[in-house]
1. Go through (1) in a strand (DSSP E or B); (2) more than 22 Å from I56 (Cβ to Cβ); (3) not acidic (D, E) for R134 and report which single condition fails.
2. Which of the residues that make up region 149-191 are closer than 15 Å to V131 by Cα and among the charged types (D, E, K, R)?
3. For the list (1) at pLDDT 90 or above; (2) of a type in the set (K, R); (3) in a loop (DSSP other than H, G, I, E, B), I need the number of the one condition that K115 fails.
4. Which one of V110, V91 is among the β-branched types (V, I, T) and within 23 Å of G15 (Cα to Cα)?
5. Only one of these is farther than 23 Å from Y55 by Cα and either surrounded by fewer than 20 Cβ atoms within 10 Å (Cβ to Cβ) or of a type in the set (S, T, Y) (or both): T120, T135. Name it.
6. Name every residue in region 157-198 that is modelled with pLDDT of 90 or more, out of contact with any Gly (no Cβ under 8 Å at 6 or more places or on another chain), loosely packed, with under 12 Cβ neighbours inside 10 Å and under 25 Å from R93 (Cβ atoms), in order of residue number.
7. Find the residue count for region 78-116, including only residues that are surrounded by 21 or more Cβ atoms within 10 Å (Cβ to Cβ), more than 18 Å from A59 (Cβ to Cβ) and of a type outside the set (S, T, N, Q).
8. Can you run down the residue pairs with Cβ atoms below 7 Å, 6 or more apart or on separate chains, where the first is in region 42-58 and part of a loop (DSSP other than H, G, I, E, B) and the partner is of a type in the set (S, T, Y) and modelled with pLDDT of 85 or more?
Amino acid sequence: MSSSFVEPVNLSARGVAMVPLTPLHEQGLREAAADGQLWKIRVTSVPEPDQTRAYIEAALQATDRFAFAVIDEASGKVLGTSSYHDVLPAVKRVEIGYTWYAGSVQRTHVNTTCKLLLLTHAFESLGCHVVGWRTDNFNHASQRAIERLGARKDGVIRGHAMRRDGSIRDTVMYSLRSGEWPEVKAQLLYLLDKPRQA
């Protein structure tokens, strides 16, 4: 994506790096998707293994999306991907989405770390007024994760998008305003710093 608002950037914290997605990440992303056969989940956008290249090409060709590969800094392994999308420079709004991780790192610190990195960059570097999320009305895990961040549910857009199986989904919309960010940041840091249950 070529936008003067969202420029290529490398973000990292706590052993997790987010770097601009490139075709060089194809094999790693394919392996991440295979870890848990994530493409079989009806309500996600994870590519099937043989569609990984097309997935990356679509992300790179989108004019209002900036995609990151999520990397384990110690091993260099690709853990998944996330994007800023529906970028609206005029009102300083981005959405965070197209997010998925290898099955083996789900329910670890990786997602929380990435959200902290993306939100910090959006609010503190880009000066965003609002960050949004959208998810499938049947993706309850995603909805819970977004709500745990402290985002507010804005509503549901009915008949909004096509799922991979051809059915039409309703989309649940969430947002977080810049004034709410300090409290959400404190909560994310608390979650990352507290001891994890085995």
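The values are calculated or read from the model by the stated rules, or taken from the named source; none is laboratory data. Remember, predicted model here, so these are calculated numbers, not experimental data. All Cβ positions, even for glycine, are placed from backbone atoms using ideal geometry, and neighbour counts span all protein chains on display.
1. (2)
2. Correct list: R152, K153, D154, R177, E180, E183, K185.
3. Here K115 meets the rest and fails (3).
4. Exactly one of V110, V91 is among the β-branched types (V, I, T) and within 23 Å of G15 (Cα to Cα), namely V110.
5. Residue meeting the stated conditions: T120.
6. Scanning region 157-198 gives R158, G159, G179, P182, A186.
7. 2
8. Filtered contacts from region 42-58: S45/Y98; P47/Y55.
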